[in-house]
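The structure under discussion appears below in the form of C-alpha cells.
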Amino acid sequence: MHLHKYEKYWLVFGVATLVVFLIILGIGAFHQGSHPNNGKKTLDYEKVNEFPPFDNPGVHKVEGKDWDYEVVVLASAFNYNPPEIEVPLGAKVKFIATSADVMHGFEIAGTNINMMLEPGYISEYVTEVNKLGEFLIVCNEYCGTGHTMMHSMLKVVDPNESQ
Amino acid sequence: MSLNNNLTKVDRRDAKLAMAHIYVAFIALLLGGLAGLLQVFVRSGQFTLPAGIGYYQVLTVHGVLLGLILTTFFIFGFQIASVSRTSGTFTAGQRRLGWIGFWLMTIGTAAAAIMVLLNEATVLYTFYAPLKAHWIFYLGLTLVVVGSWVGGAGQILRYAQWRKENKGSGERSPLLSFMVVVNNLMWFVATLGVAVSVLFQLLPWSLGFIERVDVALSRTLFWYFGHALVYFWLLPAYMIWYVIIPKVIGGKIFSDSLARLSFMLFLIFSVPVGIHHQLTEPGIDSTWKFIQVVLTFAVIVPSLMTAFSMFAMFELRGRELGGKGLYGWFKKLPWKDARFFVPFIGMVAFIPGGAGGIINASYQMNQLIHNTIWVTGHFHLTIATTVVLTYFSAAFWLIPHLTGRTLTKSLNNLGNFAAILWAIGMTIMSSAMHIAGLIGAPRRSDYSEYGGAQQAYDWIPYQIAQAVGGTILFIAILIILYIVVKLAWFAPKGEEEFPVGEVHANSSETPAILENFKVWLVILVALILFAYTIPIYDIISNSPPGSKGYKLW
C-alpha cells in the first residue's frame, strides 16, 4: 500500500511520541511503583464489621512496615467512617478502604488519591502526604440519592504545631 | 450506470425506513437536551427541580437519550441510506429486517424510558450494579441491542449481496458500504459483552431468579462494550469525513486504501481496551491494566491517519481552486457551506478532545481526573461536539434527500449559525468542566456544598459557567430542531444531492486484504482473548461473595 512521504513522516513522528509517552508511564508504574489502586484482597461485604481492619476504622500508627500510618475507611450509603482523618505532614500513609453496600468512590480532591470502592474488594493506595491543609473527600461514583451528601475530610497537620 | 451520479436517489422505501430512525433520533435530541438544561441549572445551585423529579433521574434520561438513542438511531438512519445509496436498493427481506430492528429498538427504548420516568431505574446508563433497577428497564435495553443486531444484519446482507453480484469484476466494494459493515461488525462484537451481562446477570437478578450478582464481572463486561460504544458513535462521523466531505468541497477522496485500513484498525483496537475505564478499581491486576492502556493508545494511530488524510484532501482542493503559498489554500475552502463548515468545527474540537482522551487513558494519570467532571468535559468535546455536529451536518443534506426537499440558503446559514452557537456554548461549558475536574469536582453529582468545605465553594463559579454554556447549547439545539422540521416537512420540494466522493486519481490500488473480513475478525478475536481471558479468569476465580440488589434512590 502506498503512503505519501509526508504521511509517513507524520505517522512515524506520531507513533514515536506515543511510544515515548507509554515508556514514561511504564517506568513510572513498574520501576517507581506508581500504580493506581489494584487491591485484590476480598471479603464478605455483609460481614465487613467483623473483618480486621474494618472492625476498627480510623487512623492507626504502625511500626515495622513500609508506611507509618494506616488509614482504614469504611464507606456505606451515604457516609464514610471515620468522618474525619488527621495525619501529620510528611507521613507515609496507606489508605485501606472498602464498601459495605454498593459501589462508592473515594476521591481526595486536589490530590491523586482516587479509588473505586467495590463491595467485597479491599482498595489500597500508599502515598506520602506532603501538602498541608484540609482536603475534601468525596464520593465520586453515583451511589443513590444521598450521593452528594457523602463526604469527609483529610486534615494534614504540621506535627510540630499540633503538639 | 455509475452509482456516483449526483442524482442517484435512495429508493423511496429505503428512505422511509431511514427517516423513521432519524425522527426518533431528533425526538431524543429534544428531550435529552431539555434534561441536560435542567441538569446544568440544578448544578449551578440556583434552581431546584419541581417536586417529584430527582436529579439523577434527569441525568439518566439525558445520558440514555443522547448517548444511546440519538446516536444509535441516527447512525442506523444514516447507514441504511448509505448502503442503499452505494450498494443499491434493499431487497424486501433486507428491508423487513430493518423495520423489525427499528420496532424492537423503539419498543425497547420506550420501555426503558418509562421505567426511568417512573423512578424505577435511576441506576444511570452504566447500570451501577449492585444498584438494582426494575427488570423492564434491563429488558428494554436488551431489545434495543437485539434490534440493532437485526437492523444491522439487514445492512450487512445488502453489502454481501453486492460483493456476490460483483464477484470477479475486480471492482472495489463501495467504500461507504464497506465502512458501514465495519462499524456494524464492531458493534456486534462489542454488544456481546453487555448482552452477556444483562441476560445472564442483571435480568435474572432483577427478576429474582438469582440472589447475587458478581459486581466486578458485570462492570468488566459493561466496559468491554462501553469503550467500543464511543467508536460506534465516531466511525459514522469518520464516514462523513472520509467519503462525503470530499464531494461537498468538490475534491476527491485522498486514498481509498488509507480509509479502509484506518477503519480496520479501529475495528481491531476498539474492543480490547475497556479496562482503561476501570484503572482505579480493585480486583484487576496492574499488568493487565497497563497492557490495555497500551492497546488503547494503538487506536490513536488511525486517528492520526485520518487527520492527515483530511488536511491533505483540504489542501489539494484549496490549491486546485488557486490557493497560493503555505496557507493560501485554507481560505479557498467553502466556509459558507454548512455541509463543510459544521463538521469542520467538529474536527477542530477533536484535537483537544482526543488529547484529553489520551490523558484519561494514561494509567496513573487517570487518578487525578477519574470520575471528576473533567471526564464529562472530555466527552462533551468528542461525542457532543465532534460527532453530533458531524451528524447534524449530514442531516442537513440527508433529510431533504430522503424527503424530496432542498436545503435552502437560509436554512444553510441558520445551520452555520447554530454550529457557531454550539462552539461558543461548548467552549464555555466544557472548559469549565475540565478546570473544575482538575481541581477535584466530581461528575454525576447533584448540587452540594459538601458541609461548607472551601474546595467545594471553589467549584461553584465553574458550575455557574456550565449553566451559561449549557443554556447556549440548548438554544442551538432548538435551532437545529427547527431546521430538521423544516427539512422534513416544509422546505421547498426538489432534489438534494447525497454527496458520495470519488477516489483521487493518484490514489494507488487497494490491496485485497483490506476487504477480507475473515482475516481482520480473526485478529480481533485473538486480541480480545489476549486482553480479556486472564483478567476475567482472575475476577471469577478471586471473586468475593456476590452482591444483593439495592434500591437507594
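Pop the C-beta distance of B:Arg12 and B:Leu438 into the FRET formula with R0 = 56 Å and round what comes out to the nearest 0.05. Given R0 = 56 Å and the Cβ-Cβ separation, E is 0.60.
Relative to a virtual label point 7 Å from the Cα of B:Ile107 in the Cα→beta-carbon direction, which members of the stretch B:133-153 show backbone nitrogen distances below 15 Å? Flagged as within label range: B:136-137, B:139-151.
Once a ≥ b ≥ c are taken as the square roots of the eigenvalues of the Cα gyration tensor of the stretch B:51-127, is the result rounded (a/c under 1.5), prolate (a/b larger than b/c) or oblate (a/b not larger than b/c)? Intermediate values should be presented prior to the final figure.
Working: a/c = 4.49, a/b = 2.57, b/c = 1.75.
The shape class here is prolate.
What number comes out for the charge environment of B:Gly323, summing +1 per Lys or Arg and -1 per Asp or Glu over other residues with Cβ under 12 Å away? Spell out each step's value before the answer.
On the way: positive: B:Arg317, B:Arg319, B:Lys324, B:Lys331, B:Lys332; negative: B:Glu315, B:Glu320.
Taking every other residue near B:Gly323 into account, the sum is +3.
Partners of B:Lys167 within straight-line reach, counting lysines whose Cα lies under 21 Å from its Cα and excluding those fewer than 8 residues away in the same chain: B:Lys518. Where both bridge residues fall in the protein assembly as shown, DSSP classifies roughly 65% of the beta bridges as antiparallel.
Sorted by average packing, counted as other Cβ atoms within 10 angstrom per residue and highest first, what order do A:12-25, A:131-144, B:501-514 take?
Working: A:12-25: 13.3, A:131-144: 22.2, B:501-514: 15.2.
Output ranking for A:12-25, A:131-144, B:501-514: A:131-144, B:501-514, A:12-25.
Axis of helix B:92-117 versus longest Cα principal axis of chain B: the two differ by about 30°, to the nearest ten degrees. Distance from the C-alpha centroid of the stretch B:128-196 to that of the stretch A:86-163: 43 Å, rounded to the whole angstrom.
Can you tell me the equivalent ellipsoid semi-axes for the protein assembly as shown? Use √(5λ) from the Cα gyration tensor, largest first, whole Å. Before the final figure, lay out each step's value.
Values: eigenvalues 396, 142, 133 Å².
Result for the protein assembly as shown: semi-axes of 44, 27, 26 Å.
What net charge do the residues around B:Arg12 carry, taking every other residue with its C-beta under 15 Å from that of B:Arg12, with Lys and Arg at +1 and Asp and Glu at -1? Present the calculation step by step, with values, prior to reporting the outcome.
Details: positive: B:Lys9, B:Arg13, B:Lys16, B:Arg85, B:Arg95, B:Arg405, B:Lys493; negative: B:Asp11, B:Asp14, B:Glu495, B:Glu496.
Charge balance in the 15 Å sphere: +3.
Name the shape class, rounded, prolate or oblate, that the alpha-carbon gyration tensor gives for the stretch B:64-192, where a ≥ b ≥ c are the square roots of its eigenvalues, rounded holds for a/c under 1.5, and otherwise prolate holds if a/b is larger than b/c and oblate otherwise. Judged from the Cα gyration tensor, the stretch B:64-192 comes out prolate (a/c at least 1.5, a/b above b/c). Length available on full extension from B:Arg96 to B:Ser541: 0.36 nm per residue minus the Cα-Cα distance, which gives 155.8 nm. Cross-linked pairs A:Lys5/B:Lys336; A:Lys5/B:Lys252; B:Lys289/B:Lys551; A:Lys65/A:Lys131; B:Lys247/B:Lys324; B:Lys332/B:Lys486: Cα-Cα separations exceed 26 Å for A:Lys5/B:Lys336; B:Lys289/B:Lys551; B:Lys332/B:Lys486. Relative to the longest principal axis of the Cα atoms of chain B, helix B:175-197 runs at roughly 10 degrees.
Straight-line cross-link partners of B:Lys331 among the aspartates and glutamates, defined as a Cα under 19 Å from its Cα and at least 8 positions apart when in the same chain: B:Glu315, B:Glu320. Using only Cα atoms, tell me the angle between helix B:71-87 and the longest principal axis of chain B; keep it within 0 to 90° and round to the nearest 10. Here the helix axis deviates by roughly 20 degrees. If R0 is taken as 25 Å, the Cβ-Cβ distance between B:Val468 and B:Val348 corresponds to a FRET efficiency of 0.70. Other residues within the sphere of radius under 11 Å centred on the Cβ of B:Ile244, judged by their own Cβ, net out at +2 (K and R +1, D and E -1). Label separation (A:Glu46 vs A:His4): 6.4 nm, computed from points 7 Å beyond Cα along the C-beta direction. Between B:Lys331 and A:Asp66, the modelled label-to-label distance comes to 6.2 nm, taking each label 7 Å out from Cα in the direction of the beta carbon. Rounded to the nearest 0.05, the FRET efficiency derived from the C-beta distance between A:Leu11 and B:Thr287 at R0 = 35 Å is 0.80.
Helix content alone sets the calculated 222 nm mean residue ellipticity of the protein assembly as shown: runs of n ≥ 4 DSSP H residues at -39500 (n - 2.57) each, divided across all residues, give -18500 deg cm²/dmol. Spin-label model, B:Leu49 to B:Ile420: label points 7 Å out along the Cα-to-beta-carbon direction sit 3.6 nm apart.
Can you give me the relative contact order of chain B as a percent, contacts being Cα pairs under 8 Å and 6 or more apart? Kindly include the intermediate steps, with their values, before the conclusion.
On the way: 858 pairs, mean separation 110.3, N = 553.
Value for chain B: 20 percent.
Here, each number is a calculation from the coordinates, and none is a lab measurement. Keep in mind that this is a model prediction, so the values were computed, not measured. Note that we place each Cβ from the backbone using ideal geometry, even for glycine, and neighbour counts take in every protein chain shown.
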